Amino acid sequence: MPDLSLKDKVAIVTGGSGDIGGAITRKLAEQGATTIATYVGNEKAAIELVQSIQDKGGDARAVQMDQRSPESINLLIETVHKTEGSLDILINNAAWNIGIPFPQLDALTPEIWDRVLETNVRGPFLLARAGEEMLKAGRGGHIVNISSAGGISPGSSSIAYSSSKAALNHLTRCLAVAMAPKVSVNCIAPGLVENTRMAQRLPEKVAEGARRQAVLGLVGQPEDIAEQAFSFITSRSVTGQTIVIDGGMPGAMR
Ligand SMILES: NC(=O)c1ccc[n+]([C@@H]2O[C@H](COP(=O)([O-])OP(=O)(O)OC[C@H]3O[C@@H](n4cnc5c(N)ncnc54)[C@H](OP(=O)(O)O)[C@@H]3O)[C@@H](O)[C@H]2O)c1
């Protein structure tokens, strides 16, 4: 039987200050985990999240981390090692994007390309690398990467974002092999997630179109992503998988 309790487990949720990261942090804290929610610039959102969890009796703290910086990643892991002594769960949720329509190749400069790939692919790899020793210790650990349906079908905020998420899907499989048998590595690829700032920046007709195309007639909510993350980290026998959460877009069904 899988162990469903997260009591005594330590979890890092990168981008906990964001909408989906916040929902995942709340879910893991509700289940008893000590949660470390990272932010890069939005300290206020991270502090508010942590406060709301603590108010309900949960265990959470906020730590600043820029995943473009290997030093910052190492500092986060050293801090967790010093303060908690262990790490069981790494949720690689943080990402960066900018809207550049696919046909505008000239607008996608080398600098933007590098920033997107550095944040969305190299960051999750360096976090797994830095956390490896603690994740492999004890009963073993779990990594969940948050990718995007844009990493499966060619469509999203930019070619760089779509490519970065496709790379993250494959990094999931590579790390599942590399970190077995002590660590499971899985991935969630959301389509449009409602009630997020990222989704709210899109014109309403895009959200409407997404709901129309989805065979279930709805798209995901942040809590749906959190439930799936919880399912992955309480599973004993699933690794190397990417699951799409988008209400069922025929184009992303594989
Ligand atoms: N929302 C959607 O519709 C949707 C759809 C598909 C996939 N996703 C994926 O779901 C994940 C979360 O998305 P979201 O909607 O919750 O986004 P969000 O609200 O914009 O949050 C992004 C998070 O990433 C952090 N971040 C950005 N750059 C960083 C860096 N260099 N180092 C460390 N952290 C950094 C941000 O920190 P600060 O708050 O401090 O800036 C924030 O916590 C992302 O991986 C995204 O690609 C979202």
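Among the residues of segment 21-47, those identified as closer than 17 Å to M65 by Cα and assigned to a helix (DSSP H, G or I) are G21, G22, T25, E43, K44, A45, A46, I47. I'm checking my understanding of the structure. Among residues of segment 231-251 that are closer than 16 Å to I89 by Cβ and surrounded by fewer than 20 Cβ atoms within 10 Å (Cβ to Cβ), which one is farthest from the chain's Cα centre (by Cα)? Going through the qualifying residues, I end up with R236.
Residue-level check: of (1) closer than 24 Å to L6 by Cβ; (2) within 10 Å of the ligand (Cβ to nearest atom), D88 misses just (2). Scanning segment 91-109 for residues that are near the ligand (Cβ under 10 Å from one of its atoms) and more than 20 Å from V50 (Cβ to Cβ) returns A95, W96, N97. Would it be correct to say that G209 is under 26 Å from P154 (Cβ atoms) and in contact with a helix residue (DSSP H, G or I) (Cβ under 9 Å, 6 or more places away or on another chain)? So G209 fails the test.
Could you check, for segment 202-219, whether at least one of its residues is surrounded by 13 or more Cβ atoms within 10 Å (Cβ to Cβ), within 23 Å of V121 (Cβ to Cβ) and touching a strand residue (DSSP E or B) at 6+ places or on another chain (Cβ under 8 Å)? Within segment 202-219 (the criterion being surrounded by 13 or more Cβ atoms within 10 Å (Cβ to Cβ), within 23 Å of V121 (Cβ to Cβ) and touching a strand residue (DSSP E or B) at 6+ places or on another chain (Cβ under 8 Å)), the answer is no, since none of the residues qualifies.
So which residues in segment 94-112 are touching a residue at least 24 places away in the same chain (Cβ under 8 Å), more than 21 Å from S72 (Cα to Cα) and either among the β-branched types (V, I, T) or surrounded by 17 or more Cβ atoms within 10 Å (Cβ to Cβ) (or both)? Residues satisfying the conditions are I98, I100, L108. Going through segment 1-53 one residue at a time, which ones are away from the ligand (no atom under 13 Å from the Cβ), charged (D, E, K, R) and free of Cβ contacts under 8 Å to residues at least 60 places away in the same chain? Once the filter is applied, which keeps residues that are away from the ligand (no atom under 13 Å from the Cβ), charged (D, E, K, R) and free of Cβ contacts under 8 Å to residues at least 60 places away in the same chain, segment 1-53 yields K7, D8, E30. In segment 114-154, how many are surrounded by 14 or more Cβ atoms within 10 Å (Cβ to Cβ), part of a helix (DSSP H, G or I) and either small (G, A, S) or within 15 Å of the ligand (Cβ to nearest atom) (or both)? Going through segment 114-154 one residue at a time, the tally reaches 19. Among the residues of segment 71-108, write down those that are under 21 Å from G21 (Cα atoms) and not aliphatic (A, V, I, L, M). Within segment 71-108, S72, N74, T79, E84, S86, D88, N92, N93, W96, N97, G99 qualify. Taken together, S184, S163 contain a single residue that is in a helix (DSSP H, G or I) and either on the phi > 0 side of the Ramachandran plot or more than 12 Å from the ligand (Cβ to nearest atom) (or both), which is S163.
If you go through segment 219-254 and keep only what is part of a loop (DSSP other than H, G, I, E, B) and farther than 24 Å from R26 by Cα, you end up with S237, G240, G248, M249, M253, R254.
Coordinate-derived values only; no laboratory data. Bear in mind the structure is a predicted one, so any value in this text is a computation, not a measurement. Methodologically, a virtual Cβ is constructed for each residue, glycine included, from the backbone with ideal geometry; neighbour enumeration extends over all protein chains shown.
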